[in-house]
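Working notes, beginning with the structure itself.
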Amino acid sequence: RDALLANLRQPDSVLRFRIIASLNKLHKLYPDVELDPSIVEMVLASEIMNHWRSYQIMGKMETHLHQQSFNAPLQKSIDHELERIFRLLKMLYPQHDLQSAFVGLRSGNKAEHDSALEFIDNALKPSIPRLVVPLVDGDISLGEKVEFANRVLHSTIDSKDDALVMLMTTQDPWLKSCAAHLIGILGLKQFRAEVDEWATDVEPVL
C-alpha cells in the first residue's frame, strides 16, 4: 500500500493507471486496509482538471475530429482519464457501486446513462458531481464543455498552436500520438527532432 500511494502522483499516465488499478484491487481484496484520502483526493482533483483540459484541446482541434488517426487516440486518452477518475472515486467511496455507474455511463442506453448520472449526483458529496457530471453528460455539447472547462480551470487555450504544444508536452502517449498526427498532416518540419524521438517510443501507438 505505502509503495503504491507514494507513487500515485506518477506523471506517466500509463504507469499511474496501473498504480490506481493495483490500489483498487488491493482495497477490494483487503477492505480494512486504510488509504490516505488526502492523497487520493489530490490525485483525483488533478485527473479531473486534466480531463477538462482535454476538452479545451478538443475545442481547438474540432476540425480534425473527423480524422480517425487523430480522433481515435484522443478518444482513447479521454476514456482512460475517465476510468482513472472513477477508480479513484471508488477508493474514496467504497460503499457505493461506482463500477456499475461507470458501465452505465458508457452504455449506449439513454435510460441507463441517465440513471447513472442521477446515482452519481446523489451518492457523492456535492463538490464532486458539480465537476464530474458535466464530463459524462451526453446531453452537454463539446462547446458547452469547453466553456465550462474555461471557468473551472480559470484559463483558456487560445490557438491551435497552443493546443498542439499541450499535446506534445503531455505524459500521455495517446495524446502525443495526436500531436504526431497533426505535425505530419500539417508538415511542421520544425518538430522533426521530436517526431524522430517518438519513433523509438516503447508505446506502439506513438
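Starting from residues that are basic (Lys, Arg) and at pLDDT 90 or above, keep the ones in region 10-53 and report whichever is farthest from Asp79 (Cα to Cα).
Lys25
Tell me which of these Ala180 doesn't satisfy, since it passes every other one: (1) touching a residue at least 60 places away in the same chain (Cβ under 8 Å); (2) under 21 Å from Pro11 (Cα atoms).
(1)
Being hydrophobic (A, V, I, L, M, F, W, C), open to solvent by 50 Å² or more (accessible area, probe 1.4 Å) and more than 23 Å from Gln10 (Cβ to Cβ) narrows it down to one residue among Ala116, Ala111; which is it?
One residue alone meets the criteria, Ala111.
Name the residues in region 34-64 that are over 22 Å from Val133 (Cβ atoms), open to solvent by 40 Å² or more (accessible area, probe 1.4 Å) and free of Cβ contacts under 8 Å to residues at least 40 places away in the same chain, would you?
Glu34, Asp36, Ser38, Thr63
Is at least one residue of region 126-146 more than 30 Å from Trp198 (Cβ to Cβ), at pLDDT 90 or above and in a helix (DSSP H, G or I)?
yes
Mind checking which pairs have a first residue in region 131-157 that is open to solvent by less than 60 Å² (accessible area, probe 1.4 Å) and a second that is acidic (Asp, Glu) and at pLDDT 85 or above, Cβ under 8 Å, 6 or more apart or different chains?
Within 8 Å, the pairs are Pro134/Glu144; Leu142/Glu62.
Within region 78-97, is there a residue that is assigned to a helix (DSSP H, G or I), open to solvent by 60 Å² or more (accessible area, probe 1.4 Å) and out of contact with any Leu (no Cβ under 9 Å at 6 or more places or on another chain)?
No, region 78-97 has no match at all.
Determine whether region 28-47 contains at least one residue that is under 30 Å from Asp162 (Cα atoms) and in contact with a His (Cβ under 8 Å, 6 or more places away or on another chain).
No, region 28-47 contains no residue that is under 30 Å from Asp162 (Cα atoms) and in contact with a His (Cβ under 8 Å, 6 or more places away or on another chain).
The values are calculated or read from the model by the stated rules, or taken from the named source; none is laboratory data. This is a predicted model, so every value here is computed, not measured. Neighbour counts run over all protein chains shown; Cβ positions are idealised from the backbone, glycine included. Please note that ligands, DNA and RNA were not included when accessible areas were found on the heavy atoms of the full protein model with its side chains. Shrake-Rupley method; radii C 1.70, N 1.55, O 1.52, S 1.80 Å.
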